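What follows is a set of notes on a single structure, which appears directly below.
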Amino acid sequence: MPATSPAAMRRGVMFVLSSPSGAGKSALSRLLLQDDPAIRLSISVTTRPRRPSEVEGVHYHFLDVAAFEAMRKRGDLLEWAEVHGNFYGTPRAPVEAALAEGRDILFDIDVQGTLQLYKKMRADVVSVFILPPSIAELERRLQRRAEDPEPVIRRRLRTAEGEIAHWADYDYVLVNADLQTCLAELKQILAVERARRHRQPGLPEAIETLLADLRAVLARPEA
Ligand code: 5GP
């Protein structure tokens with residue numbers, strides 16, 4: 001892409017996905033990241049024990065509570081929250097670097113984290129709340145995952161009530177009845193939000209150039 005292209009001067013989108021646990025957000029994130037190389041995942045730090053399928057530095061950075069507290073006190077976290085009895089937080093430095101370079105970042109964070117990001121950088125955030133098609137389906141998906149013990153599943157279902165109550169804090173709400181349909185909708189939202197005027201700070205200059213070229217063409221004597 002030429003350096004003068006308006007798109008090259010784009011400011012990155014902070015694309016926030018939230019949902020009750022089991023609504024399919026992780027699968028959607030994984031597919032979106034696979035299909036769209038222009039967006040990268042913000043890798044959170046957490047004090048939650050690692051699940052067998054998870055990899056340090058890919059899904060999360062797994063920390064003990066003391067290390068988490070140290071990061072929080074140093075101001076190294078853009079936002080943080082306690083969710084289901086564990087701490088989670090977003091490291092600040094990678095986000096700031098990505099935004100400045102015009103790269104988009106995907107956040108898989110909860111409602112408390114989203115509200116904190118709104119306070120700090122509302123214009124950069126585009127938020128999507130993913131709903132399950134039904135509670136029966138939510139429960140089925142949590143049980144099918146089978147990586148968490150039953151009391152953990154119950155706790156996640158209890159938390160779901162408070163989370164769903166926040167649907168109206170989000171810019172977009174999608175129902176994940178079908179993974180591929182929901183993925184396509186997410187991609188549409190991202191495409192539209194990338195084109196918003198305020199994310200293209202280079203536009204006035206690029207348009208000046210276009211208009212100057214147009215005036216030069218119009219000034220040519222007619223053939
Ligand atoms: P899980 O333990 O299932 O990976 O995540 C539990 C919840 O914590 C999910 O709703 C997830 O979106 C949220 N979460 C993960 N990372 C962060 C983070 O960095 N900040 C906040 N506020 N929530 C997070």
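For the chain, what does the relative contact order come out to in percent, with C-alpha contacts under 8 Å and a separation of six or more? All intermediate terms of the calculation are to be shown ahead of the outcome.
Working: 304 pairs, mean separation 72.6, N = 223.
Normalised by residue count, the contact order of the chain is 33 percent.
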Please give the length that would be gained between N86 and R196 if that part of the chain were fully extended, namely 0.36 nm times their separation in residues minus their C-alpha to C-alpha distance (nm, one decimal). 36.0 nm
Within the chain, helix-based [θ] at 222 nm, where runs of 4 or more DSSP H residues each add -39,500 (n - 2.57), nearest 500: -14000 deg cm²/dmol
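Please identify the DSSP H helices in the chain that span no less than 18 Å along the helix axis (Cα) and have a mean Kyte-Doolittle hydropathy of 0.5 or more. Mind showing how you got there, number by number?
Numbers: long enough: 150-164 (21 Å, -0.83); 179-194 (22 Å, 0.43); 203-219 (24 Å, 1.04).
Flagged H segments are 203-219.
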Can you tell which of A219, S18, P37 lies farthest toward the positive end of the dipole of the chain, using +1 and -1 charges on the Cβ of basic and acidic side chains (Lys, Arg; Asp, Glu)? S18
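When each pair of different Cα atoms in the range 135-203 is counted once in the 1/r mean, what is the Kirkwood radius in angstroms, to one decimal?
Details: mean 1/r = 0.0668 Å⁻¹.
One over the average 1/r among Cα pairs gives 15.0 Å for the range 135-203.
Once you wrap a convex hull around the alpha carbon atoms of the range 6-219, what is its projected area averaged over all directions, in nm²? Walk me through the numbers on the way to the answer.
Working: hull surface 54.3 nm².
With every direction weighted equally, the projected area is 13.6 nm².
Applying a 10 Å radius around every beta-carbon, put 215-221, 157-163, 54-60 in order of their mean neighbour count, most first.
Details: 215-221: 7.3, 157-163: 15.0, 54-60: 12.4.
The most tightly packed comes first, giving 157-163, 54-60, 215-221.
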25 Å Cα-Cα reach of K25 towards lysines, excluding residues that sit fewer than 8 places from it in its own chain: K119, K120, K187
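Every read-out reported here was derived from the displayed coordinates using simple, explicitly stated rules and does not represent laboratory data. The model shown is predicted, which means the values in this text are computed figures rather than measured ones. Cβ coordinates were reconstructed from backbone atoms using ideal geometry, including for glycine residues, and neighbour counts include every protein chain displayed.
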